[in-house]
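Novice: Following this message is one structure expressed as structure tokens.
The values are calculated or read from the model by the stated rules, or taken from the named source; none is laboratory data. In this text, all values refer to a predicted model and were calculated from it rather than measured experimentally. Neighbour counts are summed over all protein chains in view; Cβ atoms, including those assigned to glycine, are modelled from backbone coordinates with ideal geometry. Side chains included, ligands, DNA and RNA excluded: accessible areas come from the protein's heavy atoms. Shrake-Rupley method; radii C 1.70, N 1.55, O 1.52, S 1.80 Å.
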Amino acid sequence: SKAEPYLRRALKRITRLNHTPYDGDVHYLLGLCCFYQGKLEAAYDWFRKGEWDGDKAAACAYFAAALKARQGDYPTALAHAEKALERNPKHSRAFGLMAALLEAMGQEEAAGNRLETLLAQDPFDPLAGLPEGEAAADRLHKQAACLEAAACYMEWGFYEKAARILESAPAGPLPLYY
């Protein structure tokens, strides 16, 4: 909350002579400030404004998708997630969000295909699920992966799924922090 007034002042300053700023960083950062303060409508507006910048387009579209998923507007969230993947085809959180949205919309096969694509890109991505029996997937790694996946699902508003992931986490101290 302390950063927001400074970001607003920065935006005012850089748009004083030219209404289009050099890049979308300030819009993206204002969106993040509002997102984590619970000002979801304002956050959505800032992310949408930041999508014009090529460098921030994928991140802004991803957070716009996360916001719409939280609100239960799955078709709009899916469109934003697709836009994020157009700008960054390896955006793992966008893949995971898209899979969660497709599953919530009753399209389990399409959701599974998205997760398979994600797993092919990164076999250790927690959103795709850890491969069983991998030497690198020790207890602490599995705990951290469960926490990361649960945090993503909470960010998207899928709290029941996040709770199931945390319940399935191996015993240890990390899940107690959530």
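Novice: At 0.36 nm per residue, minus the direct Cα-Cα distance, what do Tyr159 and Lys90 gain on full extension? Give it in nm, one decimal, please. Mind dumping the intermediate values first?
Specialist: Working: separation 69, 0.36 × 69 = 24.84 nm, distance 2.49 nm.
Residue separation times 0.36 nm, minus the Cα-Cα distance, leaves 22.4 nm.
Novice: Largest first, what is the accessible-area ranking of Glu4, Glu116 with a 1.4 Å probe? Don't jump to the answer; show the numbers that get you there.
Specialist: On the way: Glu4 15, Glu116 120 Å².
Result of the area sort, largest leading: Glu116, Glu4.
Novice: Find the accessible area per residue for the stretch 12-117; the probe is 1.4 Å, ligands and nucleic acids are left out, and the unit is Å².
Specialist: Details: 5560 Å² over 106 residues.
For the stretch 12-117, the per-residue accessible area is 52 Å².
Novice: For the chain, which whole-number percentage of the solvent-accessible area (1.4 Å probe, protein heavy atoms only) is attributable to carbon and sulfur atoms? Can you show the working numbers first?
Specialist: Details: 5260 of 10020 Å².
Answer for the chain is 53 percent, counting heavy atoms of protein chains only.
Novice: Can you sort Trp46, Trp156 by solvent-accessible area, 1.4 Å probe, largest first?
Specialist: Values: Trp46 30, Trp156 0 Å².
My answer, sorted largest first, is Trp46, Trp156.
Novice: Another question, if that's okay. Just from its helices, what would the mean residue ellipticity at 222 nm be for the chain, if runs of 4 or more DSSP H residues each count -39500 (n - 2.57) and the sum is divided by every residue, rounded to the nearest 500 deg cm²/dmol?
Specialist: Numbers: 9 runs with 119 residues, N = 178.
Counting only the DSSP helices, I get -21500 deg cm²/dmol.
Novice: Here are several values of Rg/Rh (Cα atoms, Kirkwood Rh): [x] 0.95; [y] 1.02; [z] 0.98. Which one was derived from the coordinates shown?
Specialist: [y]
Novice: Between Glu4 and Glu41, what is the label-point separation in nm under the 7 Å Cα-to-beta-carbon projection?
Specialist: That separation, rounded to one decimal, is 1.4 nm.
Novice: Could you tell me which of rounded, prolate or oblate describes the stretch 33-136, using a ≥ b ≥ c as the square roots of the eigenvalues of the alpha-carbon gyration tensor, with rounded for a/c under 1.5 and, failing that, prolate when a/b is larger than b/c and oblate otherwise?
Specialist: Details: a/c = 1.99, a/b = 1.66, b/c = 1.20.
Cα axes put the stretch 33-136 in the prolate bin.
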